[in-house]
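Chemist: Input: one structure, supplied below.
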Ligand code: ADP
C-alpha cells in the first residue's frame, strides 16, 4: 500500500499562495483561465416586488443590496417586503386563484411548458446570474441547477391534465394560495421545485426567495411575464426572515412549503399549529456516506467528493459524514486526500472551478466556527494548500479524521465544504452510526454487492438513499426527509400530492 500522504495540520486557515496543480508524471499541468463572459447579462439596478403580474415598489419603502459573494460587489438592490406588501401579494394570488383553479388542466399545462422552454432558452443568462448572486461554480449552475429547473417544469406540465390519473378513483382539487419559502443554496432550482407542482395542480403562489440570492427569482418573474402567465398566479416577495414570517402568518394562505434550516422549520411548525394550513418542511441533514471494503474505491472517492464539495457543501442532503469500513480506511483516505488536492477553488465564473464562493459572510463565519470547534474537540484537520482569492468569501475543501460521534462536526449541519470521516467494522455498526442523529434526509451506500445495498437501504432512516452514486436528482423521484429533516415529499406523484386535496 502506498504511504499515506496526509498531513495533519493544527491551524484552521491553512492557505498558501499557490494554486493546486495537477501532477501528471513528472510534469505539471495547469489550466488556463476560462472565465464565462458576463457582458450579455442584463441586470436592473433595482428590482421591485413581483405582484399581480408586474414589478412594484414596496409599500415598506425599504430596499436591500444583493452582493456577489466572490467579489463582495453589489449586483442590484432588491425590495424588502413588509406586512402590507405580503398582504397585497396574497390578495393578488387569491383573486387569481378564482380563475386559475378553474382553467382546464391542459391549458394550465401549456403555461407550465412555456415556462420550461423559456428557462431553456435563457439557460446561459440564468446560470451566470445564479453564479454571480450565489457563488456556485458556473459549471454546476449551467449543468445542474438550470437544466433541472427546466426539467421540473417540463415534468409537472405533463401532470397538469392528468391529475385524475395520478390519484385514480378519487377527486382532486387545488388547495388555494401556497406560500413558498426557499433557501439560498439552489435558488432557481428550489423555486422550480416549489412552483411547478403548485401551478400544475391549479394553485396560486406567493414565493419568497432567500435574501442573499433573489436575482434568479427576479429573472424568473420576467420569464413568467413573457410566458403570459395570468397576473397574480405567481407573486414574488423578496426580503429576509421577517417577510417569510408575514407569509407564514397570513390568514389568506392555504399551505406553506418551506425549505431551509431545521431551526426555522420548527418556528414555522409552531406558528401553524392549530391552524388549518397545510405544511411541508424540507430541512437540514447530515448524511452518512457509507463505503464498504468491497466498493469500487476510485468511484467511491468521486462520490464522496461530489457528496460534500458539490456547491461548496451548501446542500441539505450533502454526504457530510463519511463512514468507511476500517480495513480500507487508510487506502481510501490516501486516494481521497490526493483527489481533494486536485480540486480547483476560486472564481465561480471560471469554467474550470470546482469549488466556488461561500454564499455569504455569515455562512463563512459559521463554517469557520464549526471547523475551529472540530480542531478544539480533538479531530485532525486536513486541508489542501490552495490559494484563496483575496476578496470574497472562500473556504478550502476540508476533511477531518479522528472524529468522534459526539463531536459537533459529526452532529451539526455545517453547510460548507467540510467532511467528517469515521470508520466502522460491521454493517450493523454502520447503520447504528448513520442513524444516530436527529436528521434523516439522505444517505449513500457504496458496495459491490446488490444484496448489501438492499439490506442497508431498508435499515437507513433517510428519505433518499443513493447506491454507488450521490447527489443525483430527478423530478420524477420524490425527495424529502425523516425526523428533524422534515416531512412531505417534493418530486414525483408524492410531491404532487402535497399540492392537492384528494377526497
Ligand atoms: P439558512 O440557515 O440556510 O439561511 P433559513 O432557514 O434561515 O436557512 O432560511 C431559509 C429561508 O427561510 C429564507 O428564505 C429565509 O429568509 C426564510 N426565513 C428565515 N427565518 C424565517 C422565519 N422566521 N419565518 C419564515 N421564513 C424565514
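Chemist: May I ask you to say which residue of 239, 252, 274, 285 is assigned to a loop (DSSP other than H, G, I, E, B), free of Cβ contacts under 8 Å to residues at least 12 places away in the same chain and more than 18 Å from residue 192 (Cα to Cα)?
Modeler: 274
Chemist: When residues of the range 209-235 are filtered for being within 16 Å of the ligand (Cβ to nearest atom), in contact with a strand residue (DSSP E or B) (Cβ under 8 Å, 6 or more places away or on another chain) and in a loop (DSSP other than H, G, I, E, B), how many remain?
Modeler: 5
Chemist: What is the one condition in (1) within 12 Å of the ligand (Cβ to nearest atom); (2) under 22 Å from residue 141 (Cα atoms); (3) over 18 Å from the mean Cα position of the chain (by Cα) that residue 245 does not satisfy?
Modeler: (2)
Chemist: Output the qualifying pairs, or none if there are none: Cβ atoms under 7 angstrom, residues six or more apart or on different chains, first residue in the range 379-390 and touching a residue at least 24 places away in the same chain (Cβ under 8 Å), second residue surrounded by fewer than 17 Cβ atoms within 10 Å (Cβ to Cβ) and outside any loop (DSSP other than H, G, I, E, B).
Modeler: Listed by first residue and then by second, the contacts come to 381/9; 381/375; 382/9; 383/9.
Chemist: While we're here: Before we move on, is residue 64 at pLDDT 75 or above, touching a helix residue (DSSP H, G or I) at 6+ places or on another chain (Cβ under 7 Å), assigned to a strand (DSSP E or B) and more than 30 Å from residue 380 (Cα to Cα)? Before the answer, list the steps.
Modeler: Values: at pLDDT 75 or above: yes; touching a helix residue (DSSP H, G or I) at 6+ places or on another chain (Cβ under 7 Å): no; assigned to a strand (DSSP E or B): yes; more than 30 Å from residue 380 (Cα to Cα): yes.
Criteria not met by residue 64.
Chemist: Quick check on the range 190-208: of everything there that is within 14 Å of the ligand (Cβ to nearest atom) and in a helix (DSSP H, G or I), which residue is nearest to residue 174 (Cα to Cα)?
Modeler: Here the answer is 194.
Chemist: Pick out the one residue from 238, 262 that is within 12 Å of the ligand (Cβ to nearest atom) and under 11 Å from residue 50 (Cβ atoms). Let's see the steps before the verdict.
Modeler: Numbers: 262 fails: under 11 Å from residue 50 (Cβ atoms).
Sole residue among the options that is within 12 Å of the ligand (Cβ to nearest atom) and under 11 Å from residue 50 (Cβ atoms): 238.
For (1) touching a helix residue (DSSP H, G or I) at 6+ places or on another chain (Cβ under 9 Å); (2) under 26 Å from residue 47 (Cα atoms); (3) assigned by TED's automatic domain parsing to the domain that holds residue 214; (4) not in a helix (DSSP H, G or I), each residue gets a yes or a no:
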{"site": "76", "(1), (2), (3), (4)": "yes, yes, yes, yes"}
{"site": "102", "(1), (2), (3), (4)": "no, no, yes, yes"}
{"site": "128", "(1), (2), (3), (4)": "yes, yes, yes, no"}
{"site": "140", "(1), (2), (3), (4)": "yes, yes, yes, no"}
{"site": "150", "(1), (2), (3), (4)": "yes, yes, yes, no"}
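Chemist: For the range 403-432, how many residues meet the condition of being surrounded by 15 or more Cβ atoms within 10 Å (Cβ to Cβ) and in a loop (DSSP other than H, G, I, E, B)?
Modeler: 8
The values are calculated or read from the model by the stated rules, or taken from the named source; none is laboratory data. No experiment lies behind these values; they were computed from the predicted model shown. Glycine also receives a Cβ, built like all others from the backbone with ideal geometry; neighbour counts cover every protein chain displayed.
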